[in-house]
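The values are calculated or read from the model by the stated rules, or taken from the named source; none is laboratory data. As the structure is a prediction and not an experimental result, all values here were calculated from the model. Note that each Cβ is placed from the backbone with ideal geometry, even for glycine, and that neighbours are counted across all protein chains shown.
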Amino acid sequence: MIQVSKILQQVPIFKSLSKESIDFIVERLKFKTFDEEETICKIGDPGDEMFIIITGEVKIVIYSDDAKHEQVVAKLGSGNYFGEMALLTGETRSASVITTEKSEMFVLHKNDFDVILDKYPAISLSLGKIVSQRLRDTLKKATQMPKTDKIEAAADGPAGNLKDISLVDLISFCESNSVSGTMEIVKGNEKGYFELQSGQIQLVKMNDLKDDQALDQMLTWQEGDFKIHVRPLRLQKQASEAAKKRLLVVNNSLVVRKVIERAFTGMGYDVSSAPNISEALQQIQKAKPDVIIADIKLPDGTGAQFLESVRTSHSIPFIFLTDDSADEQFQALLDQKGHAQMTKTHEVSEIVKLVERLW
């Protein structure tokens, strides 16, 4: 189900599960928000929840023996997860987790996790020791990590040397600060170049090497002067309120609604949502959406019934979330009504493509 299932399949304890099993887990996720600098859990707390980050960022921290010095082990952003080891092992928290900005997350509680274990006992058989050991290794390495606060604030952009901050930490710095621009690294007669957009690497070059080969080579550099040239933010016309397209997402699952909402809101769309047909029809009367994204099965009716109800007074385009199992009769109805199509998967990328083609 959308990108959440992909995230779950990256978690070692869920990696071997089928799509149906992952969907079973997704339905048990709860949605929760956190303020900036809010402590989600502390060292020693019971490990009774796993978290998946939708938006925002957290820092994983440990402390010195006298509790006076904070060591940041890692920073995690959208699409990352934490707390899965404690669910599996039953151990208390080995690190504290604190938000660095307002954040939205999906939470899986131990009670629901126990239900999942009863249904899929293989989860705990082969991966428990591996996952638990991975955390111990990470924390052990963290205590030996050098400080990475050696980035100078120059007039035309941050600068420094890889002797003081590793390239991995430098890339993390750009990502966490959503840097758009370029980064140059010079080591002797070798020169590396990065193109960045909102913190994400778009292009990597080093002399005649490109992409992975260039990055692999530069990751071995222990020194080299770097300079980040930040591009100023430009407001685009299509991001204005007048240009915003209105989307209505209708799905019984809060998880699905939130993931789609986040994806399109980030693209400049005005997104609202409803859990059923009844509430969706009310929203349509208040503010006519430009497109409706809906499931084919809803608590108070089918997608076909929803489409019929809307088309009595509106010609709003529909995109239905389906898969290859959708029957031919439903496809025939869409062809008859027009301005209605269905996805072949639940991937956000496919939904985005279908919506973008409407304009």
TODO: Tell me, please, whether a residue that is at negative phi and modelled with pLDDT under 85 can be found in region 290-307.
DONE: no
TODO: Return yes or no: is Ser349 within 27 Å of the chain's Cα centre (by Cα) and buried (at least 16 other Cβ atoms within 10 Å of the Cβ)?
DONE: no
Task: Sole residue being at pLDDT 75 or above, in a helix (DSSP H, G or I) and closer than 27 Å to Ser78 by Cα, chosen from Gln202, Gln213, Gln217 - done: Gln213
Task: strands (runs of 3 or more DSSP E) fully within region 15-77 counting 1 or more residues that are at pLDDT below 85 and more than 21 Å from the chain's Cα centre (by Cα) - done: 57-63, 70-77
TODO: State the number of residues belonging to region 175-228 that are closer than 24 Å to Glu57 by Cβ and under 28 Å from the mean Cα position of the chain (by Cα).
DONE: 22
- [ ] Would you be able to tell me the number of residues in region 58-78 that are in contact (Cβ under 8 Å) with a residue 60 or more places away in the chain and either assigned by TED's automatic domain parsing to the domain that holds Val168 or over 20 Å from Gln10 (Cβ atoms) (or both)?
- [x] 2
Task: Filtered residue count, region 79-113, keeping only those that are out of contact with any strand residue (DSSP E or B) (no Cβ under 6 Å at 6 or more places or on another chain), part of a loop (DSSP other than H, G, I, E, B) and either free of Cβ contacts under 8 Å to residues at least 24 places away in the same chain or surrounded by 18 or more Cβ atoms within 10 Å (Cβ to Cβ) (or both) - done: 1
Open item on the list: Being surrounded by 16 or more Cβ atoms within 10 Å (Cβ to Cβ) and in a helix (DSSP H, G or I) is the filter here; which residues of region 282-297 pass it?
Closed with: Gln283, Ile284
Open item on the list: Quick check on this structure: which one of Glu308, Glu356 is within 28 Å of Ile54 (Cβ to Cβ), among the acidic types (Asp, Glu) and loosely packed, with under 14 Cβ neighbours inside 10 Å?
Closed with: Glu356
Open item on the list: Kindly evaluate Gly181 against the criterion of being modelled with pLDDT of 85 or more and at positive phi.
Closed with: no
Task: Residue identified as under 19 Å from Val310 (Cβ atoms), at pLDDT 80 or above and assigned to a strand (DSSP E or B) among Ser278, Ser273 - done: Ser273
Task: Enumeration of residues in region 46-76 that are more than 22 Å from Glu175 (Cβ to Cβ) and surrounded by 19 or more Cβ atoms within 10 Å (Cβ to Cβ) - done: Gly47, Glu49, Met50
Open item on the list: I'd like to verify a number: residues in region 197-231 that are of a type in the set (Ser, Thr, Tyr) and closer than 16 Å to Ser166 by Cβ, how many?
Closed with: 1
